[in-house]
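S.K.: Here it is, the structure in full.
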Amino acid sequence: MSSQSTQPMVKAENVHKSFGHVKVLKGIDLEVAPREVFCLVGPSGSGKSTFLRCINHLEKINGGRLSVDGRLVGYREKGDKLYELKEREVAAQRRDIGMVFQRFNLFPHMTALANVMEAPVQVKGESKAVARERALKLLDRVGLADKAKNYPSQLSGGQQQRVAIARALAMEPKLMLFDEPTSALDPELVGEVLDVMRGLAEDGMTMIVVTHEMGFAREVGDALVFMDDGVVVEAGHPRDVLGNPQHERTKSFLSKVL
Ligand code: ADP
Ligand code: MG
């Protein structure tokens, strides 16, 4: 092995986040390596969504350091001082991160194709022809080549979520965040979305996945963190954490979801 270390795609050091007096993240430390599928699990209210939202600039951390691909999220460092990035610089950082939510939030008045084309055209100023070609490829990749002209209301929940994944991929992100992407789906539709995510993982996408799908975490995950009450309780390879949890809180949580 060479001694050269790869820079983490995401690095959180003692990250804190409060809403008013409510402390939600109480010192999160973790690292996500490039190409890693990093699973984040834990009870409702433990701070998982808040952590993802901090990575994606939807919330601002109150303490600690958070970086993506070696760059601080929302700040520039000069000497020992931090300067907030300008709106334009924040937008540039956000462009590199794709996010998929529990609710698909597609634009209801646009076809699947138009949904996937929208951000590259509007945000990146890409030509419609180029955006369209990529969007068609992405729809094909998520198994929906034949649904390009359908509106969201004409698609199942699983299909809508696959369009949402294609839409996030259209910006060619270097990091994908998934916040319980299958939790709102009927059970029979969960598999098709997980299959798309598995394909993405095989293609080497770096992904942070908040999920209760422990089968997916075990089969596809490279790392797993169990979070509770704003702290990382336990971290390791999914096989180890799920198969041999060390902490009572992890055991108790897993006994409810496994
Ligand atoms: P999880 O995704 O693990 O279920 P969340 O990150 O959504 O947890 O929420 C963690 C805690 O933070 C919860 O107690 C929630 O009520 C609180 N919280 C989240 N967002 C806000 C907000 N914008 N204002 C106030 N409290 C919030
Ligand atoms: Mg959540």
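The values are calculated or read from the model by the stated rules, or taken from the named source; none is laboratory data. Treat the numbers as computed from the prediction; the structure is a model and nothing was measured. Ideal geometry is used to build each Cβ from the backbone, glycine not excepted, and the neighbour counts take in all protein chains shown. Side chains included, ligands, DNA and RNA excluded: accessible areas come from the protein's heavy atoms. Shrake-Rupley method; radii C 1.70, N 1.55, O 1.52, S 1.80 Å.
S.K.: Taking the stated definitions as given, is Leu58 among the hydrophobic types (A, V, I, L, M, F, W, C) and over 21 Å from Val163 (Cα atoms)?
M.R.: Working: among the hydrophobic types (A, V, I, L, M, F, W, C): yes; over 21 Å from Val163 (Cα atoms): yes.
For Leu58, the condition - among the hydrophobic types (A, V, I, L, M, F, W, C) and over 21 Å from Val163 (Cα atoms) - is met.
S.K.: Please state which of the following conditions Lys86 fails to meet, knowing it meets all the rest: (1) closer than 30 Å to His16 by Cα; (2) of a type in the set (Lys, Arg); (3) over 24 Å from the mean Cα position of the chain (by Cα).
M.R.: Against the list (1) closer than 30 Å to His16 by Cα; (2) of a type in the set (Lys, Arg); (3) over 24 Å from the mean Cα position of the chain (by Cα), Lys86 comes up short only on (3).
S.K.: Just to be sure before I move on: is Val210 touching a Lys or Arg at 6+ places or on another chain (Cβ under 9 Å) and away from ligand 1 (no atom under 16 Å from the Cβ) in the structure I sent? If you could, list the steps in order and put the result at the bottom.
M.R.: On the way: touching a Lys or Arg at 6+ places or on another chain (Cβ under 9 Å): yes; away from ligand 1 (no atom under 16 Å from the Cβ): no.
In short, no.
S.K.: Would you mind telling me which numbered condition in (1) at positive phi; (2) under 18 Å from the mean Cα position of the chain (by Cα) Val220 fails?
M.R.: Single failed check for Val220: (1).
S.K.: Could you pull out the residue among Ile55, Ile61 that is touching a residue at least 24 places away in the same chain (Cβ under 8 Å) and within 16 Å of ligand 2 (Cβ to nearest atom)? Break it down stepwise before answering.
M.R.: Values: Ile61 fails: within 16 Å of ligand 2 (Cβ to nearest atom).
Within the list Ile55, Ile61, the selection yields Ile55.
S.K.: Another question, if that's okay. With the condition kept exactly as written, say whether any residue in region 35-43 is within 13 Å of ligand 1 (Cβ to nearest atom) and open to solvent by 10 Å² or more (accessible area, probe 1.4 Å).
M.R.: Looking through region 35-43, at least one residue is within 13 Å of ligand 1 (Cβ to nearest atom) and open to solvent by 10 Å² or more (accessible area, probe 1.4 Å).
S.K.: List pairs: first in region 140-153 and more than 20 Å from Gly191 (Cα to Cα) and open to solvent by less than 60 Å² (accessible area, probe 1.4 Å), second at pLDDT 95 or above and part of a loop (DSSP other than H, G, I, E, B), Cβ under 8 Å, 6+ apart or cross-chain?
M.R.: Within 8 Å, the pairs are Ala148/Thr111; Asn150/Thr111.
S.K.: Here's a follow-up. Considering Glu13, Glu84, which residue is surrounded by fewer than 18 Cβ atoms within 10 Å (Cβ to Cβ), over 30 Å from Val163 (Cβ atoms), of a type in the set (D, E, K, R) and free of Cβ contacts under 8 Å to residues at least 12 places away in the same chain?
M.R.: Among Glu13, Glu84, only Glu84 is surrounded by fewer than 18 Cβ atoms within 10 Å (Cβ to Cβ), over 30 Å from Val163 (Cβ atoms), of a type in the set (D, E, K, R) and free of Cβ contacts under 8 Å to residues at least 12 places away in the same chain.
S.K.: Okay, next question. For residues that are closer than 27 Å to His57 by Cβ, more than 16 Å from ligand 2 (Cβ to nearest atom), in contact (Cβ under 8 Å) with a residue 40 or more places away in the chain and part of a loop (DSSP other than H, G, I, E, B), tally how many sit in region 155-205.
M.R.: Count: 6.
S.K.: Kindly evaluate Phe19 against the criterion of being loosely packed, with under 15 Cβ neighbours inside 10 Å, within 14 Å of ligand 1 (Cβ to nearest atom) and either aromatic (Phe, Trp, Tyr) or at pLDDT below 95 (or both). Working first, answer last.
M.R.: Numbers: loosely packed, with under 15 Cβ neighbours inside 10 Å: yes; within 14 Å of ligand 1 (Cβ to nearest atom): yes; either aromatic (Phe, Trp, Tyr) or at pLDDT below 95 (or both): yes.
Spelling it out, Phe19 is indeed loosely packed, with under 15 Cβ neighbours inside 10 Å, within 14 Å of ligand 1 (Cβ to nearest atom) and either aromatic (Phe, Trp, Tyr) or at pLDDT below 95 (or both).
S.K.: Can you tell me which of (1) open to solvent by less than 40 Å² (accessible area, probe 1.4 Å); (2) within 20 Å of Val100 (Cβ to Cβ) is the one Ser49 doesn't meet?
M.R.: If we test Ser49 against (1) open to solvent by less than 40 Å² (accessible area, probe 1.4 Å); (2) within 20 Å of Val100 (Cβ to Cβ), just (1) comes out false.
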